[in-house]
Amino acid sequence: MTALPMATLQSEQRGGRSNPYLLMPITLFFALLAFAVLRSPNLMTSAGLGAAIIVVTPLILATYALMASSISGRGTVDLSIGPLIGFVNVTLIQLQAAGVLENPIVVFLYAMAAGALYQLIFALIVIFVRVQPIIVSLSGYLALTGINLVILPRPGGMAPAFMAEWGYGTSIFSPILVILLIATAAWLLFTTTAFYTHLRLMGSDERAAYTSGVPITTVRIGAHLISGCFAGLAAICFTALISSGDPSQGTTYTLLAVTALVLGGASLAGGRGGVFGSALGAINLYLITFCLSTFNFGAVQSFVTNLAYGTILVLSLLLTLLIPVIQRYIRNFSPLLYFVALAVVVLGIILHATFDYAALGEVGAMLPGPLQMQVALTSPLEIGAVSPETAALRAAAGPLVLGAVLLIVTAVFLRLAFGQSDRAKIAPAIVVVMAMLVLAGAWGIRQGVTPPHVEAAP
Amino acid sequence: MTTARETPVSAVRETVQVRSVKKYFGPTRALDGASFSARAGEIHSIVGGNGCGKSTLAKVISGILPVDTGSVSILGEAPSTPAESRALGISTVYQEVLVADESSVADNIFMGADRLFTKTLSGERRVARAAALMTELAGEPVDPHALVGTLPLGLKQWITIARALVAEPKILILDESSAALDYDSTERLFTKMRALRDGGTTVLVVTHRIAELIRISDRATVLRDGRDVGVLEKADINERNLLALMTGEDRGQGHGTLAAPQPRGTDRAMKARGLVFWPGATPFDFDLRRGEIVGVAGLDGQGQDAFVRVLAGVAPAERGMVQVADRDGTWSFVRTLREAVRGRIAYVSGDRKREGIFASLSIFENMVMPLYREKKRAGILAIIDTPTLGATFKREAENLMIKFGVKEDRITSLSGGNQQKVLIGRGFAMRPDVIVLNDPARGIDVGAKTELYKQLRSFAEEGRSVVYMSSELEEFIDFASRVVVFRDGRPFDAFDGRGLRPKQVLDAMFGQTDGSGLTAVHGLRPRADDREVRSLAGDGVRVTVEVPKALRERLNSASAPSQTLRERLVPVAEIGVRLQPKAIRIVEFDAEGRKHEGQQR
């Protein structure tokens, strides 16, 4: 038993490393993305992506806020997140009108402090009064909804001057994107700390954590403070989006954020959740809206949208029933590898939808699709010269194919390295690298050059 | 026992001192002036019946329960939170398997070892340490990055023990920690405990398992009704002394003088054909006779657990079928729990948290709930018949000697052992023909066990059957009619309950016997032989039945499935008196009363 060779040791170890809860959000994300791009190629322009980022960022940050507190367990689903965003929004507008908040730094500090303070009170009630978190958050929801209307009875007011242009969404690189990236990076950094380990252990089994000496009171308060900071950032992005104050609009974020959280594969019982899944969940919701907006439902548009949210949420929860089955066969599911594999497929679809075939030559009406693929496959066998447009297409596709192959090879290599190593913490680094690749692509779009893997349509 | 050493009393210091501590939970008196002391470098057991306060005492020492009155001094201090006691060098492994399922093995092992924001050990070293420790303890490599939720219960238990060990404790408290471990693992745990003891650690063991306790302890403190009633030194620790102190009377040999019940006939209550629990295992048959108690044993995860669950209809088998006979001898299938209940099979699980109690309901409701439908009143209105059920409840509670305040109290107000008794009472209350018990004695004290055996024995003597799975071999002695040992998902060997020696069963569990018990007299057969000649040895009469070829073919064509033909009866255990083998002649009389000898018998 003791003298096992190393090779068999690796395979005979008990237990699986990761769970496949990201399977659903990733699948849904790429399915919706492909559909959205086919319906409306405009999404893949600098302005289209810019607008998408502006709209989706408040929701993503609100989902982060929910995630941070729901990881801490006890079924903490903060229903008051929407009114809280509204609260920060209306107070910000009123204070700004009173001439108190001028400096951007002060505005940021105020928003995060207001969110954190509210969450601190929330946490103290949960810990010391021992009320169910859902009850506390429901009371908060009702109270804040009323307070918001008292502070600002009807929509109006002006956002601080420095964020006047933030909400235009004409380019990808807006300050909103920077806020989102900094918030995401901050969470990823946070996951490397002991505090995060404590948080997850406590969320997964509070009694186990308590009896092993984890300071659960402090950890729970900390989780709520982080949640409050995310809520403050969400409120700032929301203010930038609407450029004014609105006492009731923020309330809608409650339902959206809870839906996004569940769609992102987080466990409402605690202990499981992350920025990757939460962001995907929020983006999925946005993409559903986007896809539906390409159809014209007339007056019932918003009902159809809500119907779609509900249906997709239920379907994705039903499909998570399959996860134990999947877990039985795939011990170490890699969400990252799955993501990259689907990304390559969807990149192909995006290229197909947005590629300016006319730019290849004077022959405008080229038949794209399966036929093109066949030509591409059989042409190496033909001795005759290829037509100029095929040659041009091939020249244009060469770097793309190379890029895709490189991407997959890199991902597989990283996956193997990760699987074989005794370290568990490479994953955040990989996510950062992936994010930088995407950024590079987006930058390329903006510069108007032909990037290796994303092609812009005029 | 050989490695245990006598501790010189004078040379060691007292690390734990508890003086006349009282602790009340509402009206329940958990500790009533208990005193306790332990020294450095000894393995000290805390023993007692259910609800005697030994778990409470362990929690008081580990610092998670504040005391009402009395003084607690552990290493000169009185910790009041787990964090403080951890800082003092106290590690506790609790009765419940407390692990965070969503986190990795390494994180679980080092739970509580970090300060709030900084780690005490770098990631790689922590992972390496976790892997080494788990390999040493569990005896098999465990991926330190694996999510704990994907591991079996036995390994989760090891994680909690490993967590206690990485803190390098001065005082280690093990509260029923070997409950989820099999025999082999328990041995490894003992080795580890002795090593710690020799290093000067105080090891406190709270346990019900008397046999283990006798082997491992240097001293034992016996509790009864919240008080300490005696401290036994190494030489005095034996079953007789312990029982005498625990029950407050000299009970002598306990159930040792009784004989295991024997079935009176070959009448069967259940039969299973071609059972397979997981792909690739060998199919086997099983017969359960009326009036017998079948003990089921095996190492962790060898299929014995699956076997009792399949018999009770709790879990489906991979292949094969289980049938149960009603009183008229009609067979019906058992595939689901509903069919099992209809076939009067009761299932009692030892895992009361997951498969037993309704935590938010009362003791009364927990026991008689399955009878609501049966004993309803006013026809379709189905009003609960409280008086009848009350009588049932009273009878079962008295039979099993359940200690409770008011029957409307929540079941969680009872101690673990009493909760288990309520569940067993629920099983009996359904008046089943077959009762299937899955390690029911987990967390039950000796007195209650004796009572349980008595109940089960009289149950079997009424002509009903018991299937009893246990991880403690001593439980089978003079109790089980036969013992079936599982290995690799099938019966590996079987033993007659009379003259059973635990050593044999242990050998079989580790695959050291030849498996001859299966084919001999115990009615468990691996598949594959299709002899048409059946011989059964029963009641000293040897009978050989040979079916004529013509008749056989007619039978074959008449009854389509060969299943019925291949049926074989269970051989009954051989009895000493042997009669001459007899041949039976088939004699027919025709209409005129003339005798026709059967064909060539």
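Figures for the structure shown
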read-out	value
Considering residues of region B:32-70 that are farther than 24 Å from residue B:210 by Cβ and within 14 Å of chain A (Cβ to nearest Cβ) only, the residue surrounded by the fewest Cβ atoms within 10 Å (Cβ to Cβ)	B:64
Subset of region A:183-199 (residues that are in contact (Cβ under 8 Å) with a residue 40 or more places away in the chain and either crowded, with 24+ Cβ neighbours inside 10 Å or not in a helix (DSSP H, G or I) (or both))	A:191, A:192, A:199
When residues of region B:293-326 are limited to those that are aliphatic (A, V, I, L, M) and assigned to a loop (DSSP other than H, G, I, E, B), the one surrounded by the most Cβ atoms within 10 Å (Cβ to Cβ)	B:312
Helices (runs of 4 or more DSSP H) enclosed by region B:86-182 - at least 1 residues per element that are surrounded by 24 or more Cβ atoms within 10 Å (Cβ to Cβ) and more than 29 Å from the chain's Cα centre (by Cα)	B:105-109, B:123-138
Residue identified as part of a helix (DSSP H, G or I) and within 28 Å of residue A:148 (Cα to Cα) among A:290, A:303, A:276	A:303
From the options B:296, B:341, B:310, residue that is over 28 Å from residue B:501 (Cα atoms) and at pLDDT 80 or above	B:341
Single condition residue B:374 does not satisfy, out of (1) assigned to a loop (DSSP other than H, G, I, E, B); (2) modelled with pLDDT of 80 or more	(2)
Residue within region A:38-50 that is of a type in the set (A, V, I, L, M, F, W, C) and at pLDDT 85 or above present	yes
Region B:71-105 - residue that is within 8 Å of another protein chain (Cβ to nearest Cβ) and among the aliphatic types (A, V, I, L, M) and, of those, nearest to residue B:130 (Cα to Cα)	B:105
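Table: residues versus (1) more than 13 Å from the chain's Cα centre (by Cα); (2) within 14 Å of chain B (Cβ to nearest Cβ); (3) outside any helix (DSSP H, G or I); (4) in contact (Cβ under 8 Å) with a residue 24 or more places away in the chain.
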site: A:22; (1), (2), (3), (4): no, yes, no, yes
site: A:26; (1), (2), (3), (4): no, no, no, yes
site: A:37; (1), (2), (3), (4): yes, no, no, yes
site: A:48; (1), (2), (3), (4): yes, no, no, no
site: A:51; (1), (2), (3), (4): yes, no, no, yes
site: A:55; (1), (2), (3), (4): no, no, no, yes
site: A:58; (1), (2), (3), (4): no, no, no, yes
site: A:61; (1), (2), (3), (4): no, no, no, yes
site: A:72; (1), (2), (3), (4): yes, yes, yes, yes
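Residue-by-condition table, conditions (1) under 30 Å from residue B:85 (Cα atoms); (2) within 14 Å of chain B (Cβ to nearest Cβ):
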residue	(1), (2)
A:190	yes, yes
A:193	yes, yes
A:200	yes, yes
A:221	yes, yes
A:227	no, no
A:236	no, no
A:258	no, no
A:266	no, yes
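Rundown of residues vs (1) in contact (Cβ under 8 Å) with a residue 60 or more places away in the chain; (2) of a type outside the set (S, T, N, Q), yes/no style:
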position: A:99; (1), (2): no, yes
position: A:103; (1), (2): no, no
position: A:113; (1), (2): yes, yes
position: A:118; (1), (2): yes, yes
position: A:124; (1), (2): yes, yes
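The values are calculated or read from the model by the stated rules, or taken from the named source; none is laboratory data. None of the values given here were measured: they were computed from a predicted structure. Virtual Cβ from ideal backbone geometry, glycine too; neighbours counted across all protein chains shown.
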